[in-house]
Every structure is written in C-alpha cells, then in structure tokens.
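Let me begin by presenting the structure, written as structure tokens, before commenting on it.
All of the numbers you see were taken from the coordinates with simple rules; none came from a lab. Predicted, not measured: the structure shown is a model, and the values here were computed from it. Note that we place each Cβ from the backbone using ideal geometry, even for glycine, and neighbour counts take in every protein chain shown.
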DNA sequence: ACTATAGCGGAGGAGTGCCTCCGTTTCTAG
DNA sequence: CTAGAAACGGAGGCACTCCTCCGCTATAGT
C-alpha cells in the first residue's frame with residue numbers, strides 16, 4: 001500500500017496525497033482539472049477529459065481516484081469544508097449579517113454549484129455527510145439571526161438552504177442579476 | 001414527403017402528426033414517453049430508451065423526430081403553450097392573485113422543469129422563441145400586479161421568472177417544502 | 001552514482017448511445 | 001379484396017466513455 005499523508009481530515013473523508021513530488025504534482029493537477037470539469041459539465045464530466053486537461057494519463061487518474069465518486073468527493077468535500085470554515089470567519093458579525101455573508105459565500109462556490117444541485121436529492125453517504133457538515137456550520141448562524149428577529153419565525157434552515165442552492169444553480173444573464181435575485185429572495189426571510 | 005396535419009401552430013413550430021392511425025398512436029406514445037424521460041433524466045435522456053418506453057422501434061422515433069431537438073421541441077413547446085393559455089385563464093383574477101396563480105402553474109409543469117433549467121442559458125432558437133412566448137403571456141400579469149402596488153417597483157419580470165425557475169428545478173424533500181419555499185421567495189416580491 | 005520501486009500512461013476490450021438503412025408488416029383507398 | 005404506399009423496427013457501423021493491465025520512466029534513499 002502506498003504511504004500517504006491525509007490532507008484533509010475534518011469531514012471524515014481521508015483524501016490521500018502521494019509522497020513523491022511528481023505524483024503530488026499530478027494529484028493536484030487532477031484535482032484542479034476535475035474542479036473545472038465538474039463546474040462545466042456537472043458531475044457526469046468525462047474522466048478521460050479530466051485526465052487530458054490535467055496533462056496526465058488516464059491510468060494516473062484511476063490510481064489516485066479509483067472511482068469517479070472518489071474524485072468527485074475530493075473536489076466536493078474540499079469545497080464544503082471551506083464553506084464550514086467560512087462559518088467561523090463570520091462569527092463576530094451581527095446575526096443577520098453573519099448569516100447573509102455565509103450564504104453569499106455559499107453561492108460563491110462555482111465548481112460545485114451544479115454538483116450541489118445535482119446531488120441534492122441523492123441518497124448517498126457522500127451527500128448525507130456533506131449536508132450534515134454544512135448544517136453544523138450554518139445552522140447556528142441561522143438560529144442566531146432568527147432569534148435576533150431578523151428572520152421570520154415560520155421558516156427553517158433547511159428551507160432556506162434549498163432555496164439558495166436552487167437559485168445558485170439557476171441560470172442568470174449575469175452576476176448582477178444573480179445577486180439581485182438572491183437579495184430579492186432573501187428579503188422574503190425578514191418578518192413583515 | 002409525408003402528408004401531415006399541423007397539430008399546434010401558435011408558436012410557429014409546426015409539429016406534424018401523421019395521417020395513419022397506427023402512426024398517430026406511435027407518435028403520441030413517443031411524445032408521452034419523451035415527456036417522462038426528459039422529466040426524469042433531463043434533456044440528455046437516451047433516445048433508445050424513449051423508443052423502448054413508447055414500445056416502438058428506434059427507427060420510428062427518428063422518422064417522427066429526425067433530431068433530438070425536434071423531439072425535445074415537441075414536448076417543450078407543448079408545455080410552454082399550455083402555460084401561455086393559462087395566462088388567459090387567470091385574467092379575471094385580481095392582479096396579484098392572477099400573477100401568483102400563473103406562477104404556480106408555471107411551477108406545476110413537471111416534465112420540462114429540469115429542461116427549462118438546463119436550456120435556460122442556451123442561445124438556441126428554440127429557447128428564444130419559447131422565452132418570448134412565455135414573456136408575452138406572463139409580462140402583462142406581472143405589470144398589472146406591479147402597477148397595483150403588490151410587487152415592489154425595483155424588480156422586473158425576468159428576475160422573477162428566473163428566480164422561480166431556479167426554485168422549480170431545485171431539489172426538495174417534498175411538495176410541501178417546495179410550496180413553502182416558493183411562498184417564502186414570493187414574499188420578497190411585495191413592497192416593504 | 002545506483003538501484004529498487006512508486007508511479008506513469010496509453011492501448012484495448014467492453015459497454016452504451018446515436019443514427020441510417022432497408023427488408024418486412026400494416027394500413028387504407030379504390 | 002387487393003395492391004400500392006406508408007410506416008415499422010432492429011441490425012449494424014460509428015463514436016465516445018469507462019476502466020484494467022502492464023511495460024516503461026522518474027524518483028528517492030543509500
């Protein structure tokens with residue numbers, strides 16, 4: 001078995017980064033290429049195309065990521081994890097601002113936008129774990145905003161997250177429209 | 001050239017329904033199967049699978065719909081057209097109710113939900129024509145609701161339609177959540 | 001420098017979907 | 001009833017993707 005270092009651990013998905021310098025370069029190139037490809041074509045992107053974009057052989061892809069799911073996990077969980085960290089970074093803002101900033105950050109993850117939408121209903125371990133992690137990160141922000149009176153009491157975090165991911169995945173003319181629509185939808189969260 | 005009758009004309013896309021009874025049965029079965037398949041797998045659904053579901057040979061599919069686009073158009077435009085008719089049906093409701101009812105109807109079209117999302121950014125004649133038709137139908141309802149004061153003045157029909165189609169395409173736990181979230185988002189439309 | 005070995009990469013077989021072509025079947029007009 | 005025409009359907013060629021396997025190459029430790 002290959003000796004490895006575990007690059008990310010906090011989500012319980014150990015992603016193995018090779019020891020050798022050349023192998024590590026390829027690993028990183030694959031991850032970057034996969035991120036682009038998944039962003040562009042969704043989770044069904046061609047693996048051979050990803051290998052080609054990364055400038056490595058298809059065999060190398062399969063050595064690092066034996067299944068499509070493994071590769072997808074690596075990209076997806078990486079981004080989810082950044083999202084969880086973002087929750088800490090906004091902790092000292094006022095309740096509503098903290099929550100809104102986190103949501104904006106959520107929207108900002110381009111690579112997994114399509115993926116999040118596509119995987120939203122899948123009943124996979126991957127999704128369940130990711131969802132739990134996101135929830136653990138975002139729920140407290142939501143609760144605080146709701147308790148502070150900034151969010152109407154007759155809604156919940158799950159509704160809001162699904163609303164936002166729906167909007168995130170939708171097609172817009174430009175980023176200005178995306179922002180405008182998101183703000184429009186978020187306005188519905190405040191009590192009347 | 002096969003003699004045909006044009007089944008739907010109002011959108012400028014002539015859909016040809018065959019003369020012979022058996023052929024017409026197959027045509028209808030294909031359309032129904034395609035509606036299901038597109039709903040389930042998006043616009044990339046397998047054509048051979050559609051033919052199988054319809055209980056006809058692949059050759060029959062291609063005779064009626066020479067390209068995937070032709071088949072997709074038939075389903076898509078059919079539903080868009082129903083949507084346009086729905087606009088007439090709500091005309092005598094109060095402005096906001098009329099608009100909201102129309103949107104609910106918009107959300108109700110299951111078969112093209114995914115498709116609408118997928119095709120939203122495509123720069124095809126298909127989409128442009130469909131969009132125009134939808135706009136011609138929905139815009140007056142929006143305008144009336146906005147003029148009546150039910151909709152805030154700093155938004156527009158395009159924003160709202162994209163918001164709703166995003167939400168429509170998103171994954172929800174159940175229909176109750178879908179409705180709840182949609183209402184949440186629509187609440188953002190009212191002036192504060 | 002040397003060598004054991006981790007790592008590389010692409011050829012190739014299997015699977016799947018697209019679409020055409022044409023021999024066979026089914027309909028309908030007379 | 002019959003015959004011509006319309007419609008049928010699936011075999012098969014092409015293209016593309018998946019994934020495995022194994023001879024070759026680059027690296028790291030001595």
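Inside 10 Å of the C-beta atoms of B:177-190, what's the mean count of C-beta atoms belonging to other chains?
Per residue, the average neighbour count from other chains is 6.
Highest mean packing comes first when the peptides A:135-145, B:18-28 are listed by Cβ atoms within 10 Å, giving A:135-145, B:18-28. Across peptide A:144-155, the mean count of Cβ atoms from other chains lying within 10 Å of each residue's own Cβ comes to 1. Residues A:46, A:165, arranged from fewest to most other Cβ atoms within 10 angstrom of their Cβ, appear as A:46, A:165.
Averaged over peptide A:157-165, the number of partner chain Cβ atoms lying within 10 Å of each residue's Cβ comes to 5. Here the simple spin-label model places points 7 Å from the Cα toward Cβ, and for residue B:52 and residue A:192 these points are separated by 5.0 nm. With neighbour counts taken as other beta-carbon atoms within 10 Å, the residues A:175, A:49 rank, fewest first, as A:175, A:49. Label points for residue A:191 are taken 7 Å from Cα along Cα→Cβ. From this copy to the others they lie 2.4 nm apart, shortest first.
Closest approach to the axis carrying A onto B, counted by Cβ on chain A and given in whole Å with its residue, is A:188, 2.
Ranked by the mean number of other Cβ atoms within 10 Å of their residues, highest first, the peptides B:50-61, A:96-107 fall in the order A:96-107, B:50-61.
Sorted shortest first, the distances from the residue B:156 label point to those of the same residue in the other copies are 3.8 nm; each point sits 7 Å from Cα along Cα-to-Cβ. Volume of the convex hull of the stretch A:43-88 (Cα atoms only), normalised per residue: 76 Å³. Inter-copy label distances at residue A:20, shortest first and taken from points set 7 Å along Cα to Cβ: 6.5 nm. With a Förster radius of 22 Å applied to the C-beta separation of residue B:158 and residue B:101, the computed FRET efficiency comes to 0.65. With a cut-off of 20 Å on the backbone N, the residues of the stretch B:144-167 near the modelled label site 7 Å out from residue B:91 along Cα-Cβ are B:144-148. At full extension, residue A:82 and residue A:67 could sit 3.1 nm farther apart than now, given 0.36 nm per residue minus the alpha carbon distance.
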